[in-house]
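To start, the structure itself, in C-alpha cells.
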Amino acid sequence: MANADERRFEVLRAIVADYVSNQEPVGSKTIVERHNLGVSSATVRNDMAALEEEGYITQPHTSAGRIPTDKGYRLFVDRLSEIKPLSTAERRAITNFLDSGTDLDDVLRRSVRLLAQLTRQVAIVQYPALTNAAVRHLEVVPLTPARLMLVLITDSGRVDQRTVDLGDILTDEDVTRLRAVLNTAMANRRLNDAAARVAELPEQAPGELRDALTRVCTVLVESLVEHPEERLVLGGTANLTRNVADFPGSLRQVLEALEEQVVVLKLLAAARNPGAITVRIGEENEDEQMRSTSVVSIGYGRDDMLLGGMGVVGPTRMDYPGTIAAVRAVANYVGQILSAR
C-alpha cells in the first residue's frame, strides 16, 4: 500500500463490500482471509481502530466486527473510481423493454418496474416537468362543423386534449388555415412563450376567422400556462420489507414518507442536470423520516434539457456501484426514447 490512509481506505472498502453482501459485522480475520491486502491481522485491527475513531465504522455489539457508518459510506461513494458497467445483454434488455412503451405513461411505468427489479429497491420516476417543455405540434380535429378537438403534443411526450365550441361553422379549408396559423405561432417554442404568441393571434386574424380563433386561443392559453401538479410513479415498495433489520424501528416511517408526494419530490430535487448522479446517505436526507435510507437520484433528458428526475430509495446498506450503474443506464435510455418521439 502506498501509505496508511490508502491502506485504511482499502480496509473500509472491504468492510463495506462484506457488510453489504452478508449483513454481518466484519472482523479483521475475515478481511485478511477474503481480501488480498498484503498485511497482517494486527495491522488491519489497528486500521479498524483508526477508522472507528474517525467515525467511518462502528462496533454494533461488544466483541463483534465492525459495520460502516453514514460517514463511512459517504467516503466510499465519494471515492468510487469506477462503476461496473452493465453488460451488453443487460443494456439490450433495457432498450427493448423501454422501447416497447406505447406512450409517455407506459414508458415511465416500465422504467420504474425495470429500475426496481435491477436494484431491488424502491424506484421513483418524475413525469417530465411542463415548465421545461416545448410545443412539438398542435393537431386540430373537427368533431362537428362547430366543434373542434385540440391535441397539444410537447417534446417531452405529454399530450393534452381540449375541446372548443366555436359558435360558428367552419369549413375544412378554414380548419386547415387555423391549424397552420396556430402551429406557425407555437411550434418549437417553450410553453410560456407559445402562450404569449397565441394570445396575440386574434388581433392579427382575418375577420372571418377572428371569432373562432379567439375561442381556440382562449382554451390554448389555459392549456399552456396551467401546469398540473407534479406527477410521480413509484414501484418496488415491497423491496424495503425484504430486510426489515436495515430499518430498526423506522420502516413504517419510511413507508409513510414515500406516500407523501412532497417528500418524494424533495428526494429528487437535487437532480438538476441530465446524467449527474446525486447520492444522499442517511442523515444527509432532509426529511427526518428518511434518515435511515440512502437515495440515488439523477436527472433524465437530452443534451442540457432536463425533463425530470428519477432514482431509487433503499437502506444505507446498499450496493452503491451497482445501483448507480442501473440508475444511470435507465435514465440515459429514458431520455433517449422520449427525445426520439
Given the conditions (1) under 14 Å from L234 (Cβ atoms); (2) open to solvent by less than 70 Å² (accessible area, probe 1.4 Å), every one holds for R109 apart from (2)
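Table: residues versus (1) part of a helix (DSSP H, G or I); (2) over 23 Å from D103 (Cα atoms); (3) at pLDDT below 90.
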position	(1), (2), (3)
L170	no, yes, yes
E173	yes, yes, no
E203	yes, yes, yes
H227	no, no, yes
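Name every residue in the stretch 303-337 that is closer than 14 Å to V107 by Cβ and surrounded by fewer than 23 Cβ atoms within 10 Å (Cβ to Cβ), in order of residue number.
N332, Y333, Q336, I337, listed by residue number.
Is the stretch 151-167 home to any residue that is part of a helix (DSSP H, G or I) and surrounded by fewer than 16 Cβ atoms within 10 Å (Cβ to Cβ)?
no
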Worksheet item: Does M290 satisfy being farther than 23 Å from T69 by Cα, open to solvent by less than 30 Å² (accessible area, probe 1.4 Å) and not polar (S, T, N, Q)?
Response: no
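Within the stretch 1-38, count every residue that is without any contact (Cβ under 8 Å) to a residue 40 or more places away in the chain and touching a helix residue (DSSP H, G or I) at 6+ places or on another chain (Cβ under 7 Å).
As a first pass, look at the stretch 1-38 and keep what is without any contact (Cβ under 8 Å) to a residue 40 or more places away in the chain: 1-3, 5-6, 10, 14, 17-18, 21-22, 27-38.
Filter again for touching a helix residue (DSSP H, G or I) at 6+ places or on another chain (Cβ under 7 Å), leaving 1, 14, 18, 28-32, 34-35, 37.
Matching residues across the stretch 1-38 total 11.
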Is the stretch 193-210 home to any residue that is crowded, with 17+ Cβ neighbours inside 10 Å and within 29 Å of the chain's Cα centre (by Cα)?
yes
- prompt: Does L213 satisfy the condition of being more than 30 Å from D105 (Cβ to Cβ), among the hydrophobic types (A, V, I, L, M, F, W, C) and surrounded by 18 or more Cβ atoms within 10 Å (Cβ to Cβ)?
  reply: yes
Here the residues within the stretch 251-273 that are in a loop (DSSP other than H, G, I, E, B), modelled with pLDDT of 80 or more and surrounded by fewer than 17 Cβ atoms within 10 Å (Cβ to Cβ) are E259, E260
Among V233, V244, the single one that is outside any helix (DSSP H, G or I) and either open to solvent by 20 Å² or more (accessible area, probe 1.4 Å) or under 30 Å from D160 (Cβ atoms) (or both) is V233
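Within the stretch 23-58, restricting attention to residues that are open to solvent by 70 Å² or more (accessible area, probe 1.4 Å) and closer than 20 Å to R74 by Cα, which residue is modelled with the lowest pLDDT?
Just the residues of the stretch 23-58 that are open to solvent by 70 Å² or more (accessible area, probe 1.4 Å), to begin with: 24, 29, 33-34, 36, 38, 45-46, 53-54.
Next, only the ones that are closer than 20 Å to R74 by Cα stay: 24, 53-54.
Details: E24: 90, E53: 95, E54: 96.
Applying the filter and picking the extreme gives E24.
The values are calculated or read from the model by the stated rules, or taken from the named source; none is laboratory data. Here the structure is a predicted model, which means the values were calculated and not measured. Positions of Cβ are backbone-derived with ideal geometry, glycine not excepted, and every protein chain shown enters the neighbour counts. SASA here: full protein model, heavy atoms, side chains in, ligands and nucleic acids out. Shrake-Rupley method; radii C 1.70, N 1.55, O 1.52, S 1.80 Å.
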